[in-house]
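Just so it is clear, none of the values below were taken in a lab; they were calculated from the coordinates. Keep in mind that what you see is a predicted model, and the values were worked out from it rather than measured. FYI the Cβ positions are ideal-geometry reconstructions off the backbone, even for glycines, and counts take in every protein chain you see.
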Amino acid sequence: MPHHRNSTVKARTFRQNQTDAELAFWHEVKAKRFHGYKFRRQHPVGPFYADFACIEHMLVVEIDGGQHAENKKDAERTAYLESKGFEVIRFWNNDVLSNMEGMLHTLSLTLSRRERELNSTHQSPLPLGEG
């Protein structure tokens, strides 16, 4: 499986070259530290790599620096991820580094909403005449 090996090597390289903001965020969410949610770093989704992904709740978290302002490639990645059922939220490096508490609060609210949305779409309707 050369493609899988290539994506594993790329993801490893991305993880080794994380920004301070990405490292700070990872410290808060790794090993299910954040309310028990499991996050993955540099998770491949199709041709793209999500900075962080909570697969169970189909949420991608992107941590962006100034170079990402209105970046066409980011718009393409977001459109692709959304087409696969992911919600994408973005935080600026500065928000992560200077307002971690606020950023984590926003993340918590988003994950709670995603959990409710996904649970309501996965519930099977009651058979006719029941309920």
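How do D95, D64 rank when sorted from fewest to most other Cβ atoms within 10 Å of their own Cβ?
D95, D64
So what are the three principal axis dimensions of segment 18-68 from its Cα atoms, in whole Å, longest to shortest?
So the three principal-axis extents are 32, 26, 12 Å.
Could you rank the peptides 74-85, 48-59, 100-111 by their average count of other C-beta atoms within 10 Å per residue, with the highest value first?
Sorting 74-85, 48-59, 100-111 by mean packing, highest first, produces 48-59, 100-111, 74-85.
How much net charge surrounds V60 when only other residues with a Cβ under 14 Å from its Cβ are counted (Lys, Arg +1; Asp, Glu -1)?
-2
Starting from the 7 Å offset along Cα-to-Cβ, what nm value, one decimal, do you get for the label separation of M100 and A31?
Label-label distance for M100 and A31, simple model: 1.5 nm.
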